[in-house]
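J.: Dropping the structure in here first, questions after.
The values are calculated or read from the model by the stated rules, or taken from the named source; none is laboratory data. These figures come from a predicted structure and were not determined experimentally. With ideal geometry, Cβ positions are generated from the backbone for all residues, glycine too; neighbour counts draw on all protein chains shown. Just so you know, the surface numbers come from the protein's heavy atoms only, side chains and all, with ligands and any DNA or RNA stripped out. Shrake-Rupley method; radii C 1.70, N 1.55, O 1.52, S 1.80 Å.
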Amino acid sequence: MSLDAEHAFAPTLRLYATATASDLRLGRLLPDRFAEVPFDTVRTYDAHVRIVVQRAWRAELGVRVFYRTDYSPAITTRFPRADGATAAITRPGVTWLRQLGPSASLSIPIGARGSSVELSGWYAIQQQAARLYGRLDEANEKAILKAASDAPARLLPRITFGVVWRL
C-alpha cells in the first residue's frame, strides 16, 4: 500500500507526505496436501513528511520513520547467565528494526538547461532487537529476554550528493 499527499500553502511552499506499508509472506507449497508452510514474513512501514520551498532552488526539511519486522528461523542472542558467564541461545523469532530522524535536502540549479547539484541527508536514530519464540532456559529467562529486546540506539547519518546533468 502506498499513500502520497500534497498540500500547497503558497506557490513556493508545499507540504508533502508519503507513507508505504508492505507485507511479504514467503512459504513452501506442499502440492500433495495443497498446503503452504510459511518460512519468512517481512513487514515494512515507511513514512516521510516534509516541507518544501521551491524557487529557483529547492529546499526540504522533514521527518522520516521506518519500521521493519522480519521472521527468522534462527536468531542467536548472547546474554549474561545467572552465574556471571556469557552464554548464547539460538531460537526462531522476529527481529525488528526501527529508524526515526530528521531529513533535509537542497537542490541548486546550474546552467540554463535544468541541470542541478543535489545534497540530501537523513539523520536516523536506529534500534534493532528481537523477540524469541520457543522454550527458554528458566534460570536465565529474564536475562535472555532482556538481551534480545534491549536494543541500544545508534545514530546513522545518511548523506547523498549528486549532480543531475542535462545536455
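J.: In debye, nearest 20, what is the charge dipole magnitude of the chain about its Cα centre with +1 on Lys and Arg Cβ and -1 on Asp and Glu Cβ, if you could check?
T.: For this selection, approximately 400 debye.
J.: Let me ask something additional. If you build a Gaussian network model of the chain, linking Cα atoms that sit under 10 Å apart, which residue out of PRO31, PRO157, PRO102 swings the most?
T.: For the chain, modelled as a Gaussian network with Cα springs under 10 Å, the answer is PRO31.
J.: Could you identify which residue out of GLY121, GLY93, GLY84 has the top mean-square fluctuation in a GNM of the chain using Cα springs shorter than 10 Å?
T.: GLY84
J.: Then there's this: At a 1.4 Å probe, what is the % contribution of carbon and sulfur to the accessible area of the chain?
T.: 59
J.: Mean projection of the alpha-carbon convex hull of the chain over all orientations, in nm²?
T.: Averaging across all directions leaves 15.5 nm² for the Cα convex hull.
J.: Still on this structure: Given H placed 1.01 Å from N in the peptide plane, which residues other than close sequence neighbours of ALA87 have an amide H under 5 Å from its amide H?
T.: PHE79, ARG81
J.: Once label points are set 7 Å from the Cα along Cα→Cβ at both ASP32 and ALA85, what is their separation, rounded to one decimal in nm?
T.: It works out to 4.5 nm between the two label points.
J.: Below 13 angstrom from the Cβ of TYR16, what's the summed charge of the other residues (Lys, Arg +1; Asp, Glu -1)?
T.: Here the count lands on +1.
J.: Let me ask something else about it. Would you tally the net charge around VAL49, using a Cβ to Cβ cut-off of less than 14 Å, leaving VAL49 out, and scoring K and R as +1, D and E as -1?
T.: After counting each charged neighbour, the total is -1.
J.: Which trypsin sites (Lys or Arg not before Pro) does the range 123-167 hold that lie in a coil by DSSP with at most 12 other beta carbons within 10 Å?
T.: Taking the range 123-167 and a limit of 12 other Cβ atoms within 10 Å, the loop trypsin sites (Lys or Arg not before Pro) found are ARG135, ARG166.
J.: By how many nm would the segment from GLN128 to LEU15 lengthen if fully extended, with 0.36 nm per residue of separation less the alpha-carbon distance?
T.: 37.6 nm
J.: While we're here: Please identify the GluC sites (Glu not before Pro) of the range 81-163 that satisfy two criteria: DSSP loop assignment and at most 16 other Cβ atoms within 10 Å. Which are they?
T.: none
J.: To the nearest 20 debye, what charge dipole does the range 1-95 have about its Cα centre, counting +1 at the Cβ of each Lys and Arg and -1 at the Cβ of each Asp and Glu?
T.: 260
J.: Would you work out which of VAL94, SER72, SER22 lies farthest towards the positive end of the dipole of the chain, given +1 charges on the beta-carbon of Lys and Arg and -1 on that of Asp and Glu, about the Cα centre?
T.: Checking the options against the dipole of the chain, the answer is SER22.
J.: Given only helices, namely DSSP H runs of n ≥ 4 each adding -39500 (n - 2.57), what is the per-residue ellipticity at 222 nm of the chain, to the nearest 500 deg cm²/dmol?
T.: -1500 deg cm²/dmol
J.: On to the next question. Name the trypsin sites (Lys or Arg not before Pro) in the range 47-125 that are in a loop by DSSP and that have at most 16 other C-beta atoms within 10 Å, would you?
T.: Answer by residue number: ARG55, ARG81, ARG113.
J.: Another question about this same structure. Give the accessible surface of the chain per residue, rounded to a whole number of Å², with probe radius 1.4 Å and ligands, DNA and RNA excluded.
T.: Per residue, the chain has an accessible area of 69 Å².
J.: Can you tally the net charge around ALA74? Count Lys and Arg as +1, Asp and Glu as -1, for every other residue whose Cβ sits under 13 Å from the Cβ of ALA74.
T.: -1
J.: How big is the range 77-149 in terms of Cα radius of gyration and Dmax, in angstroms?
T.: Rg and Dmax of the range 77-149, Cα atoms, are 22.5, 71 Å.
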